[in-house]
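Written out below as structure tokens is the structure these notes cover.
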Amino acid sequence: MPSLSPASVVVALRAAGCVFAEDEARLILSAARTPDELAAMVDRRVAGLPLEHVVGWAEFSGLRIDVEPGVFVPRRRTEFLVEQALAHAPDASVVVDLCCGSGAVGAALAAALGRVELH
């Protein structure tokens, strides 16, 4: 299989309807370790798999949260919940993130609060 160029990755993503094709291409190109892995990642994204599942992580509250198919992708708008929790309990020593997906909210709170008991 011929190697994909950055421009051809952008073209494939744009043709699949990816609005931010250039940004997505940069992420996929930086995550792929081999030309075959790059081709597979582009194919998965073109087929409609969420970008976060393609690259294996999502950015959330300044953290890189691992995700895989079957795990809810943490959403940027959920960062508001983290901000509100910090505003209401800035000295919390226990954080419970239960049945909320990837654990991103708990991880972000633990990172912001420092030493906490995280469940």
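The values are calculated or read from the model by the stated rules, or taken from the named source; none is laboratory data. Model, not experiment: these values are computed from the prediction. Don't worry about glycine lacking a Cβ; one is built from the backbone with ideal geometry, like all the others, and counts go over all protein chains shown. In case anyone asks, the SASA skips ligands and DNA or RNA and just uses the protein heavy atoms, side chains included. Shrake-Rupley method; radii C 1.70, N 1.55, O 1.52, S 1.80 Å.
Residues whose amide H comes within less than 5 Å of that of Val95, counting only those at least five positions distant or on another chain, are Glu117, Leu118, His119 (H built at 1.01 Å from N in the peptide plane). For the chain, the solvent-accessible area with a 1.4 angstrom probe is 63 square angstrom per residue. In region 7-81, the C-alpha radius of gyration followed by the widest Cα-Cα span (Dmax) gives 12.5, 39 angstrom.
Given R0 = 35 Å, the distance between the Cβ atoms of Glu37 and Val116 translates into a calculated FRET efficiency of 0.45.
Our note on the geometry: Cα centres of region 14-50 and region 53-92, 22 Å apart.
Of the residues Gly70, Cys99, His53, the one whose Cα sits farthest towards the positive end of the charge dipole of the chain is His53 (charges of +1 on Lys and Arg Cβ, -1 on Asp and Glu Cβ, taken about the Cα centre). Computed from point charges on the beta carbon alone (+1 for Lys and Arg, -1 for Asp and Glu), the dipole magnitude for the chain about its Cα centre is near 200 Debye. The C-alpha atoms of the chain define a longest principal axis, and helix 104-113 lies at about 50 degrees to it.
With viscosity 0.890 mPa s and temperature 25 °C, the Kirkwood radius over alpha carbon pairs of region 33-119 converts through Stokes-Einstein to a diffusion coefficient of 173 µm²/s.
Residue separation of Ser30 and Val94 scaled by 0.36 nm, minus their Cα-Cα distance, works out to 19.4 nm of gained length. Sites count as exposed loop sites when they are trypsin sites (Lys or Arg not before Pro), lie in a DSSP loop, and have at most 12 other Cβ atoms within 10 angstrom; the longest stretch of the chain without one is 34-114. For the chain, averaging the sequence separation of C-alpha pairs within contact (under 8 Å, six or more residues apart) and dividing by the residue count gives a relative contact order of 17 percent.
Amide hydrogen proximity for Trp57: with H placed 1.01 Å from N in the peptide plane, the residues at 5 or more positions away or on another chain lying under 5 Å are Val67.
By accessible area, using a 1.4 Å probe on protein heavy atoms only, the chain has 58% of its surface on carbon and sulfur. Rounded to the nearest 10 degrees, the inclination of helix 79-88 to the longest alpha-carbon principal axis of the chain is 10 degrees. Once the Cα-Cα distance is subtracted from the 0.36 nm per residue extended length, the Asp66 to Ala47 segment shows a gain of 4.7 nm.
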